[in-house]
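Visitor: Have a look at the structure that comes next, please.
The values are calculated or read from the model by the stated rules, or taken from the named source; none is laboratory data. Nothing here was measured: the structure is a model prediction, and the numbers come from that model. No Cβ is skipped: glycine too gets one built from the backbone with ideal geometry, and neighbour counts run over all protein chains shown. Please note that ligands, DNA and RNA were not included when accessible areas were found on the heavy atoms of the full protein model with its side chains. Shrake-Rupley method; radii C 1.70, N 1.55, O 1.52, S 1.80 Å.
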Amino acid sequence: MKISKVDQLSGEIQIPGDKSISHRSVMFGALAEGKTTIRNFLEGADCLSTISCFKKMGVSIERDGEIVTVYGQGIDQLQEPVEVLDTGNSGTTTRLILGILAGRGFHSTVTGDESIAKRPMKRVTVPLREMGASIDGRNGGDFTPISVRGGQLKAIQYTSPVASAQVKSAILLAGLQASGTTSVTEPHKSRDHTERMLTMFGAEVETNGMAVSVQGGQKLKGTDVFVPGDISSAAFFLVAGAIVPNSRIVLKNVGLNPTRTGIIDALKKMNVELTIIENQSDSPEPFGDLIIETSSLKAAEISGDLIPRLIDEIPILALLATQAEGTTIIKDAAELKVKETNRIDTVVSELKKLGASIEPTEDGMIIHGKTTLKGGANVSSHGDHRIGMMLGIAGLICEEAINIENTDAIEVSYPNFFSHIDTLTGKA
Ligand code: S3P
């Protein structure tokens, strides 16, 4: 895909539904008793993988564009799948489903694409085995394909070495099926969509500082879910609006859950002109409209507690930093190495090809700005949706047009990404 420099971006777009919330709404709907209706569901490949896995376990799910209806019959009614559960490129589907399968008294096999095959599963298989599940897989059981024979689980009090909502959620989903109270304590707070959604589905969840706990044996009841726009998708246009000259962009209905708004804090630190209009409804997941304008940027340090709150936004933040005066340091972000690609390597290698001054470190990267991005190069998403989109935005400010390979990967979380660029450049 060829992307060329533009003079300005202006207009309004509806950011597609949040990926984390879309996955969870299908999963919890499938475990609940009764009907769940989901509005503004993300029709990205990852969330469609989640739907397909639950259909293979006998759950009736209907999709009409962004409206999804799940006819849950209770967790006990999930059926032993005849086929392998294919989670595609989705780490969230893979890890959360393992937590569900751990408590089911049947056999199942979970596998995904070549990126999933490289991602560490030990972080969930270790605690799930401790709870009593029988789990095996490639390379000692820690990489897909993974097979599970679930059964009666016992509660654990788990201290996670990583701040990961996927780990926390997998254990809580197993904990719902265990005898006793299961708790997970994290080093930093990760996104809390699971906790909020369990409450929406009628379960009791207790949060105490960095610890979250659930009592086993609770039943979920089907409900209606509105999925706000994904702030991780909005981030690409927040940065685009800030770095493309003469721009003003309105992003509608973006999720503003405080465990996800690290990007807003980082943008403010870097001097971005941003207005937030919060929606006043009492939705369990807060949301609002964001207005972003071209800004005169300054460098910042991005580290510590902020990292889990913006972990998926670091690729696009790195691009922003190339346009900020001074040296931006991103640290405490070693988790980037085990995302869809090693995002320290892929961000650095692709931005360097465009002319950025950027160096990798053990747990992040250092970016010197402000640099003119010369472009005129062939770059690749490396099969990683967020790298593909970061490059799509970079192309809008490069002196010479760039060619991005493997843009199909963007389907995973933002199928209409390029048509939104066209809307804002006045081409659509
Ligand atoms: C997610 C959690 C995060 C995030 C991923 C979605 C989730 O992963 O990077 O895109 O929906 O729970 P980790 O749990 O590995 O930090």
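Visitor: Output the number of residues of region 1-28 satisfying the condition of being more than 16 Å from the ligand (Cβ to nearest atom) and open to solvent by less than 10 Å² (accessible area, probe 1.4 Å). Show your work before the answer.
Guide: Taking region 1-28 as the starting set, the residues that turn out to be more than 16 Å from the ligand (Cβ to nearest atom) are 1-14.
Still in the list and also open to solvent by less than 10 Å² (accessible area, probe 1.4 Å): 9, 13.
Total satisfying the criteria: 2.
Visitor: Ok, one more. State all residues of region 339-364 that are open to solvent by 10 Å² or more (accessible area, probe 1.4 Å), assigned to a helix (DSSP H, G or I) and in contact with a helix residue (DSSP H, G or I) (Cβ under 6 Å, 6 or more places away or on another chain); if no residue qualifies, say none.
Guide: Across region 339-364, the qualifying residue is only 346.
Visitor: Just to be sure, is residue 185 open to solvent by 30 Å² or more (accessible area, probe 1.4 Å), assigned by TED's automatic domain parsing to the domain that holds residue 69, within 16 Å of the ligand (Cβ to nearest atom) and free of Cβ contacts under 8 Å to residues at least 40 places away in the same chain? Talk me through it step by step, then tell me what you get.
Guide: Details: open to solvent by 30 Å² or more (accessible area, probe 1.4 Å): yes; assigned by TED's automatic domain parsing to the domain that holds residue 69: yes; within 16 Å of the ligand (Cβ to nearest atom): yes; free of Cβ contacts under 8 Å to residues at least 40 places away in the same chain: yes.
Spelling it out, residue 185 is indeed open to solvent by 30 Å² or more (accessible area, probe 1.4 Å), assigned by TED's automatic domain parsing to the domain that holds residue 69, within 16 Å of the ligand (Cβ to nearest atom) and free of Cβ contacts under 8 Å to residues at least 40 places away in the same chain.
Visitor: Please work out which residue is surrounded by the fewest Cβ atoms within 10 Å (Cβ to Cβ), limiting yourself to region 121-154 and to residues that are within 16 Å of the ligand (Cβ to nearest atom) and of a type in the set (Lys, Arg).
Guide: Per the criteria, the residue is 122.
Visitor: In addition: Restricting to region 155-171, and then to whatever is surrounded by fewer than 24 Cβ atoms within 10 Å (Cβ to Cβ) and away from the ligand (no atom under 11 Å from the Cβ), can you tell me which residue is nearest to residue 310 (Cα to Cα)?
Guide: Among those that are surrounded by fewer than 24 Cβ atoms within 10 Å (Cβ to Cβ) and away from the ligand (no atom under 11 Å from the Cβ), it is 161.
Visitor: Working only within region 365-393, note down all residues that are over 20 Å from residue 9 (Cα atoms), of a type in the set (Gly, Ala, Ser) and in contact (Cβ under 8 Å) with a residue 60 or more places away in the chain.
Guide: Of everything in region 365-393, those that are over 20 Å from residue 9 (Cα atoms), of a type in the set (Gly, Ala, Ser) and in contact (Cβ under 8 Å) with a residue 60 or more places away in the chain turn out to be 369, 383.
Visitor: Within region 29-43, can you find the residues that are open to solvent by less than 10 Å² (accessible area, probe 1.4 Å) and within 20 Å of the chain's Cα centre (by Cα)?
Guide: Matches in region 29-43: 29, 38, 41, 42.
Visitor: Can you pull out the residues in region 287-308 that are part of a loop (DSSP other than H, G, I, E, B) and buried (at least 16 other Cβ atoms within 10 Å of the Cβ)?
Guide: If the condition is that a residue be part of a loop (DSSP other than H, G, I, E, B) and buried (at least 16 other Cβ atoms within 10 Å of the Cβ), then 294, 295, 297, 299, 300 are the ones that fit.
Visitor: A follow-up question, please. Quick one: would you say residue 46 is modelled with pLDDT of 95 or more and either open to solvent by less than 10 Å² (accessible area, probe 1.4 Å) or within 16 Å of the ligand (Cβ to nearest atom) (or both)?
Guide: Details: modelled with pLDDT of 95 or more: yes; either open to solvent by less than 10 Å² (accessible area, probe 1.4 Å) or within 16 Å of the ligand (Cβ to nearest atom) (or both): yes.
So residue 46 fits the description; yes.
Visitor: Same structure again: I'm trying to understand the selection: among the residues of region 194-212, which are free of Cβ contacts under 8 Å to residues at least 40 places away in the same chain and under 13 Å from residue 175 (Cα atoms)?
Guide: 195, 203, 204, 205, 206
Visitor: Could you look through region 297-308, keep only residues that are over 13 Å from residue 272 (Cβ atoms) and not polar (S, T, N, Q), and pick out the one that is farthest from the ligand (Cβ to nearest atom)? Spell out how you get there, then give the answer.
Guide: Taking region 297-308 and keeping what is over 13 Å from residue 272 (Cβ atoms), we get 301-308.
The next check asks that each one be not polar (S, T, N, Q); those that pass are 301-302, 304-308.
Numbers: 301: 21, 302: 15, 304: 15, 305: 14, 306: 14, 307: 10, 308: 7 Å.
Only one residue tops the list, namely 301.
Visitor: Can I ask one more? Inspect region 371-383 for any residue being outside any strand (DSSP E or B), crowded, with 16+ Cβ neighbours inside 10 Å, on the phi < 0 side of the Ramachandran plot and among the charged types (D, E, K, R) and give the result as yes or no. Spell out how you get there, then give the answer.
Guide: As a first pass, look at region 371-383 and keep what is outside any strand (DSSP E or B): 371-374, 376-377, 381-383.
The next check asks that each one be crowded, with 16+ Cβ neighbours inside 10 Å; those that pass are 371, 373, 377, 381-383.
From the residues that got through so far, the ones that are on the phi < 0 side of the Ramachandran plot too are 371, 373, 377, 381.
Next, only the ones that are among the charged types (D, E, K, R) stay: none.
No, the conditions are met nowhere in region 371-383.
Visitor: Inside region 188-201, can you point out the residues that are away from the ligand (no atom under 15 Å from the Cβ) and either touching a Leu at 6+ places or on another chain (Cβ under 6 Å) or acidic (Asp, Glu) (or both)? Spell out the reasoning first.
Guide: Here is the first cut: in region 188-201, the residues away from the ligand (no atom under 15 Å from the Cβ) are 199-201.
201, the sole residue that qualifies.
Visitor: For region 82-98, how many residues are more than 20 Å from residue 42 (Cβ to Cβ) and touching a Gly at 6+ places or on another chain (Cβ under 8 Å)? Working first, answer last.
Guide: Looking only at region 82-98, we keep the residues that are more than 20 Å from residue 42 (Cβ to Cβ), and these are 82-84, 98.
Checking the rest, the ones that are also touching a Gly at 6+ places or on another chain (Cβ under 8 Å) come to none.
Here the count works out to 0.
Visitor: Something else now. So, of the residues in region 172-182 that are more than 16 Å from the ligand (Cβ to nearest atom) and among the hydrophobic types (A, V, I, L, M, F, W, C), which turns out to be surrounded by the most Cβ atoms within 10 Å (Cβ to Cβ)?
Guide: 176
Visitor: Does at least one position in region 83-95 carry a residue that is more than 30 Å from residue 153 (Cα to Cα), open to solvent by 10 Å² or more (accessible area, probe 1.4 Å) and more than 15 Å from the chain's Cα centre (by Cα)?
Guide: Taking region 83-95 and keeping what is more than 30 Å from residue 153 (Cα to Cα), we get none.
No, there is no match, as no residue in region 83-95 is more than 30 Å from residue 153 (Cα to Cα), open to solvent by 10 Å² or more (accessible area, probe 1.4 Å) and more than 15 Å from the chain's Cα centre (by Cα).
Visitor: Name the residues in region 309-320 that are open to solvent by 20 Å² or more (accessible area, probe 1.4 Å) and either away from the ligand (no atom under 16 Å from the Cβ) or without any contact (Cβ under 8 Å) to a residue 12 or more places away in the chain (or both), would you?
Guide: none
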